[in-house]
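A short worksheet on the structure shown next.
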Amino acid sequence: MTDDVFAPWNDPGQSPLIRYANVTKKFGEFTAIDNVSIDIFPGEFFALLGPSGCGKTTLMRMLAGFETPTSGIISLGGQDMGNVPPNKRPVNMMFQSYALFPHMNVWDNIAFGLRRDGLPKDQVAARVEEMLRLVQLQKFAKRKPDAISGGQRQRVALARSLAKAPKVLLLDEPLGALDKKLRQETQFELVDIQEKTGTTFMIVTHDQEEAMTVSTRIAVMDEGIIKQIDTPASLYEAPNSRYVADFIGDVNLIEGDWRGDTLHWAEGQTPLAVQSDAPVGKAWLALRPEKIAISKDQAKADNAIPGQVIDIAYLGNLSTYVVEIPGGQKIRAQATNARRLSRRDITWNDTVWLSWTSTAGLVLSE
Amino acid sequence: MIRRVILWPPYIWLLILFLLPFALVFKIALSDYAIAIPPYTPTFDWADPSSWGATLGALDFENFQWLLDDPLYYTAYLSSLRIALVATVLALLIGYPMAYAMARAPAHWRPLLMMLVILPFWSSFLIRIYAWIGILSNEGFLNMVLGWVGIPPLSIINTNTAVYIGLVYAYLPFMILPIFASLDRIDPSLLEAAEDLGCSRTEAFWRITVPLSKAGIFAGCFLVFIPVVGEYIVPSLLGGSNTLMIGKVLVEEFFNNRDWTVASAVAVVLLFVLVIPIVLFQRSAERRDAT
Ligand SMILES: Nc1ncnc2c1ncn2[C@@H]1O[C@H](COP(=O)(O)OP(=O)(O)O)[C@@H](O)[C@H]1O
Ligand SMILES: [Mg+2]
């Protein structure tokens with residue numbers, strides 16, 4: 001995987017291509033972006049992830065030049081973009097609505113930016129053909145945008161924004177309008193194209209799976225602030241807050257009083273042992289369902305809680321068990337279905353034991 | 001069967017309100033001038049079908065020949081077309097920026113601006129043109145204001161300038177509304193995309209906004225041009241003796257000379273002069289729908 005070798009954010013010798021420094025954006029009284037700082041390095045596939053309305057598009061539009069920060073500085077390749085108009089920035093954007101020019105055919109749409117640069121005719125033609133090949137649309141060059149499918153339009157938009165070989169390509173929910181299967185195929189194509197062209201991609205999405213699939217790093221956003229920036233694996237394994245833990249994947253959260261080595265979570269129950277250096281006080285234990293083992297007998301483990309099976313969701317390769325533990329909280333535990341269905345011994349209303357090691361979970365105080 | 005019946009009303013409408021009057025006028029145009037009531041001959045004697053053949057045989061194209069022989073008529077046609085063309089171009093040059101401003105105005109302003117464009121329709125056309133006489137006449141409001149500022153008075157009334165002012169004023173809403181409708185439909189992200197790809201604001205306007213509002217420009221131009229060619233009120237109230245428009249000629253022929261036959265010929269030719277741009281308009285509308 002590229003993650004192992006490609007990590008310029010850990011290398012102090014590398015300088016970022018894009019830098020947001022304490023950027024705030026207000027629309028009237030409303031703060032859409034609140035004091036955000038991000039460094040994005042050349043060659044990254046950087047994702048902005050968050051629920052709808054959290055400010056992802058705004059953050060991206062400020063880099064493209066369509067919105068001006070209320071305060072803070074955005075720089076590109078070390079140069080402050082403050083006074084640079086959108087048509088002079090080495091950045092191209094693929095719009096959420098694709099924004100294809102309806103009065104031009106596919107070829108002319110892709111050639112549009114190249115012609116504005118005053119490139120000679122033969123160079124424009126060569127580049128357009130190259131782009132058409134890249135997105136496999138040679139056959140549709142003479143069609144108007146309303147005479148091709150949604151997936152093809154999405155490719156035209158991608159080709160058009162890549163044609164000028166921008167330093168940074170901004171993609172605002174590029175796959176939002178595609179159905180699930182086409183989405184997944186296109187995600188891999190995007191990664192492929194990003195690696196082929198070496199362009200730095202910044203993608204906006206509200207789909208955590210998509211962000212995990214394509215990106216080198218993800219910034220998780222909530223209401224105008226950045227909760228955490230990290231690689232997909234680190235976000236999953238080491239979220240810094242309940243918000244991130246819950247947004248990235250599925251998680252059980254057990255609230256309690258953290259004493260430095262154990263979490264006291266319910267009257268009369270054995271405290272839960274966790275290895276963590278979180279500050280003592282009120283905290284939550286975050287446990288991924290697949291890190292919890294489920295058994296009929298009390299297992300020998302750092303932690304074990306009895307409970308009753310409320311529900312079983314059979315997902316083919318996996319089953320998710322919903323178990324009610326003392327105090328009434330429902331915990332989800334996942335087990336692989338190594339045995340045939342008929343041979344499995346846990347069923348509805350059974351009393352079972354949930355167990356996990358002291359390193360399986362994380363203590364989150366936020 | 002039912003579907004056929006549903007299709008009848010428009011055809012019946014067309015027959016009663018267009019084809020029958022046209023046939024009557026065309027018949028008069030083919031008749032001869034006569035000092036009689038009505039002032040032409042022959043007339044059909046509906047009671048005696050055996051005379052119909054003779055009546056039809058007496059019809060001829062003399063009046064159309066007359067239109068060709070007397071230069072007054074074709075210069076009037078040409079002058080009407082020229083005045084209509086200039087008025088259309090002026091209305092476009094004034095109307096487009098207004099429609100653009102409306103489309104760009106904040107959403108809460110738009111109903112008000114739209115009202116202001118439509119408001120003149122709430123009063124009589126004739127009264128509004130009379131009001132322009134009050135403004136443009138030599139002792140009128142305009143010269144009064146100019147007098148206060150110390151500028152010598154202008155004599156505009158009874159010139160082609162007054163006709164243009166009146167025509168553009170009267171037909172401007174027909175230019176603004178279709179252009180506004182087409183501008184309003186343009187997705188603003190298209191302009192951002194154009195800028196993103198290297199256009200300046202002005203370039204984006206010419207490359208994106210103008211081509212995408214072409215349908216509105218066409219519709220507006222035809223909606224102004226076609227009625228202005230046959231316009232009568234504006235040239236006769238604001239124009240002078242040298243303002244030559246076919247609508248004026250037609251009225252003079254009909255009421256002043258009481259020559260119904262030539263007036264009818266003028267009307268028939270005018271109809272054909274207008275049918276050409278109307279057909280062009282229909283064609284371009286169909287082509288746009290097809291693409
Ligand atoms: N031009 C604008 N004027 C006022 N509010 C805006 C404007 N653009 C965005 N907002 C607000 O800023 C917030 C963030 O919007 P946006 O960046 O589009 O969110 P996202 O892309 O994450 O869904 C939203 O609450 C939105 O209503
Ligand atoms: Mg958005």
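Just so you know, all these numbers are worked out from the coordinates, no wet-lab data involved. Treat the numbers as computed from the prediction; the structure is a model and nothing was measured. Positions of Cβ are backbone-derived with ideal geometry, glycine not excepted, and every protein chain shown enters the neighbour counts.
Spin-label pair B:Tyr74-A:Lys142: with each label point 7 Å from Cα along the Cα-Cβ axis, the two points sit 4.4 nm from one another. For the range A:271-336, the Cβ-based charge dipole about the Cα centre amounts to some 60 debye (Lys, Arg positive; Asp, Glu negative; other atoms uncharged). What is the helix-to-structure angle for A:150-162, meaning the angle in degrees between its Cα long axis and the longest Cα principal axis of chain A, kept from 0 to 90 and rounded to the nearest 10? Helix A:150-162 sits roughly 70 degrees off the main axis of chain A. Per residue, the convex hull around the alpha carbon atoms of the protein assembly as shown comes to 305 Å³. A straight Cα-to-Cα reach below 26 Å connects A:Lys25 with the lysines A:Lys56, A:Lys88, A:Lys167, A:Lys227, residues fewer than 8 places away in its own chain not being considered.
Give the angle, between 0 and 90 degrees and rounded to the nearest 10, that separates the Cα long axis of helix A:121-134 from the longest principal axis of the Cα atoms of chain A. The helix A:121-134 is inclined about 20 degrees to chain A.
Evaluate the charge dipole of the protein assembly as shown about its Cα centre and quote only its size in Debye, nearest 20, assuming +1 on the Cβ of each Lys and Arg and -1 on the Cβ of each Asp and Glu. List each step's numbers first, then the result.
Values: 56 positive and 64 negative charges, 161 e Å.
Its charge dipole is roughly 780 debye.
The GluC sites (Glu not before Pro) of the range B:123-225 meeting both criteria, a DSSP state outside H, G, I, E and B (loop) and at most 14 other C-beta atoms within 10 angstrom of the site's C-beta, are B:Glu139. Helices in chain B that qualify as membrane-span-like (whole DSSP H runs, Cα extent of at least 24 Å along the helix axis, mean Kyte-Doolittle hydropathy of 1.0 or higher) are B:71-104, B:160-184, B:260-290. Comparing B:Ile16, B:Ile156, B:Ile179 in a Gaussian network model of chain B, where Cα atoms under 10 Å apart are tied by springs, the biggest mean-square fluctuation is seen for B:Ile16. Residues B:Phe125, A:Phe201, arranged from fewest to most other Cβ atoms within 10 angstrom of their Cβ, appear as B:Phe125, A:Phe201. Each part gets one Cα centre, and for the range B:50-95 versus the range A:125-160 those centres are 53 Å apart. Cβ crowding within 10 Å, taken as a proxy for footprinting-reagent exposure, orders B:Met144, A:Met131 from fewest neighbours to most as B:Met144, A:Met131. The string of couplings for the range A:55-60 from the Karplus curve (6.51, -1.76, 1.60, θ = phi - 60°) is x, 4, 4, 4, 4, 6 Hz, one whole number per residue in order, with x for Gly and Pro.
A run of chain A free of exposed loop cleavage sites, with trypsin sites (Lys or Arg not before Pro) counted only in DSSP states other than H, G, I, E and B and at most 14 other beta carbons within 10 Å, reaches its longest extent at A:1-141.
Angle of helix A:106-116 to the longest C-alpha principal axis of chain A, folded into 0 to 90 degrees and rounded to 10: 70°.
Counting neighbouring Cβ atoms within 10 Å and putting the fewest first, the residues A:His206, B:His108 line up as B:His108, A:His206. Sparsely packed loop sites in the range B:1-89 (the chymotrypsin sites (Phe, Trp or Tyr not before Pro) outside DSSP H, G, I, E and B with at most 13 other Cβ atoms within 10 Å) comprise B:Phe44, B:Trp46, B:Phe61. Summary of the geometry: the range A:228-272 and the range B:1-40, compared by the centres of their Cα atoms, lie 87 Å apart. For the range A:257-360, the share of alpha carbon pairs falling in successive 5 Å distance bins from zero is 2, 12, 22, 24, 18, 10, 6, 3, 1, 0 percent. Of all lysines in the structure, the ones whose alpha carbon falls short of 20 Å from that of A:Lys144, not counting any fewer than 8 places away in one chain, are B:Lys214. Here A:Lys296 is the anchor, and the lysines within straight C-alpha reach of less than 27 Å, apart from those fewer than 8 places off in the same chain, are A:Lys330. Among the GluC sites (Glu not before Pro) in the range A:199-271, those placed in a DSSP loop whose Cβ has at most 15 other Cβ atoms within 10 Å are A:Glu223, A:Glu267.
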